[in-house]
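The structure appears right after this line, and notes come after that.
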Amino acid sequence: MKKVGLLCGREYSFPPAFIVRVNQLGKPDGVAAEFVKLGGTRMNEPAEYSVIVDRISHEVDYYRGYLKHAVLQGTYVINNPFWWTADDKFFNYAVAAKLGIAIPKTVLLPQKGYPSDVDITSESLHNLTYPVDWDGLLDYVGRPAILKPFSGGGWKHVYKVNNKEELLAAYDKTSPYCMTLQEFIDFTGYVRCFTFGKNDITPVRYDPKERRYLIEHEYLSKELGARIVKDAQTINQALGYEMNTIEFAIKDEIPYAIDFLNPAPDMERDRITEFYFEHVVEKMAKLVIDRALHGNVANTWPRWEEMLGFGAASGFTAAPKTASRQVTTSSSSASGAKVR
């Protein structure tokens with residue numbers, strides 16, 4: 001029997017549905033799912049699970065430490081806890097831009113302030129220039145602009161600013177977070193892609209103002225849908241994510257990748273609609289069953305250094321040496337241009 005473990009927090013519809021579906025679909029192959037239960041982890045204790053789906057360790061340090069240990073013992077963790085710990089949105093933007101994906105102009109900013117329990121003084125910050133050239137940064141990204149954290153999600157601490165005065169007023173509220181200043185894309189269309197594995201992509205029309213998924217299967221042209229699927233595949237191959245959402249803002253038929261560091265995406269029924277909830281549960285169940293039966297732990301690592309020509313994939317991040325340089329397209333992904 002191969003066991004799939006689910007590690008999650010305040011979710012109510014996805015976890016039980018996912019576990020039931022894995023147990024239904026996995027029974028013929030001896031795959032079963034359950035909630036992970038932890039109460040202290042002994043060093044080098046054997047892996048209990050073939051696969052663990054992680055949806056909460058970014059908020060619970062003990063879980064993150066446990067998952068790193070589980071990888072050491074041979075568990076296939078979705079998503080890789082080492083890379084998730086290291087990753088941030090500014091790095092993602094830079095990698096994607098180098099890979100030819102349309103990215104809004106973005107600036108990483110010094111923090112406004114620091115946690116109260118960290119002893120930071122002016123002497124600690126002698127490498128920073130002062131004052132910051134706010135006018136120059138706004139000239140670079142354009143006006144209006146978006147101020148948002150370089151890591152994190154849930155639309156928290158996101159501000160649209162039209163000038164330096166508004167930027168500084170918003171920036172003064174951001175301590176202790178590190179922020180990015182980004183070009184505002186005045187989009188005419190918006191797509192959020194569910195991703196299952198690195199190549200199976202489901203683009204969905206999304207309304208960011210109302211934060212609603214819309215069921216419109218013919219929303220994108222064939223050409224634009226194909227480009228969005230290809231760009232999403234490239235992002236996941238580079239960053240290693242197998243459970244993710246990738247957002248594109250469309251302007252003049254160009255899909256700008258706006259946000260793609262969502263390794264624990266919202267999968268609750270009342271927010272993603274009944275239609276996409278069933279789709280997500282089915283796809284995730286099939287993904288983990290496949291990984292339980294055939295998964296290679298090395299394949300959870302990102303491939304950005306290989307794809308950018310820096311060296312073998314086992315260089316910076318221990319990605320698999322056998323990985324192909326070309327991003328492959330699964331049969332289900334190829335049909336992704338038929339947009340959901």
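The values are calculated or read from the model by the stated rules, or taken from the named source; none is laboratory data. Worth saying up front: this structure is predicted, and the values here are computed from it rather than measured. Because the Cβ atoms are built from the backbone with ideal geometry, glycine has one as well, and the counts that use them run over all protein chains shown.
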Can we say Ala96 is in contact with an Asp or Glu (Cβ under 9 Å, 6 or more places away or on another chain), of a type outside the set (Val, Ile, Thr) and crowded, with 19+ Cβ neighbours inside 10 Å? yes
Give the residues of the stretch 87-138 that are under 20 Å from Tyr171 (Cα atoms) and outside any loop (DSSP other than H, G, I, E, B), sorted by residue number. Lys89, Phe90, Thr106, Val107, Leu108, Ser122, Leu125, Trp134, Asp135, Gly136, Leu137, Leu138
Looking only at residues that are assigned to a loop (DSSP other than H, G, I, E, B) and of a type in the set (Val, Ile, Thr) in the stretch 165-196, which one is surrounded by the fewest Cβ atoms within 10 Å (Cβ to Cβ)? Thr188
Modelled with pLDDT of 95 or more and touching a Leu at 6+ places or on another chain (Cβ under 8 Å): does that describe Leu224? no
Those residues of the stretch 140-150 which are surrounded by 17 or more Cβ atoms within 10 Å (Cβ to Cβ) and either part of a helix (DSSP H, G or I) or in the same structural domain as Thr245 (by TED's automatic domain parsing) (or both), in sequence order: Val141
The stretch 178-201, subset among the aromatic types (Phe, Trp, Tyr) and in contact with a Phe, Trp or Tyr (Cβ under 8 Å, 6 or more places away or on another chain), residue nearest to Lys164 (Cα to Cα): Phe187
Taking the criterion of being among the aliphatic types (A, V, I, L, M), touching a residue at least 40 places away in the same chain (Cβ under 8 Å) and part of a strand (DSSP E or B), would at least one residue in the stretch 151-164 satisfy it? no
Which count do you get for residues in the stretch 165-185 that are touching a residue at least 40 places away in the same chain (Cβ under 8 Å) and hydrophobic (A, V, I, L, M, F, W, C)? 5
State the number of residues belonging to the stretch 218-241 that are out of contact with any strand residue (DSSP E or B) (no Cβ under 9 Å at 6 or more places or on another chain) and in a loop (DSSP other than H, G, I, E, B). 3
Given the criterion more than 25 Å from Pro302 (Cα to Cα) and within 23 Å of the chain's Cα centre (by Cα), identify the matching residue among Phe35, Phe82. Phe35
Do we have any residue at all in the stretch 12-24 that's modelled with pLDDT under 95, surrounded by fewer than 13 Cβ atoms within 10 Å (Cβ to Cβ) and not assigned by TED's automatic domain parsing to the domain that holds Trp304? no
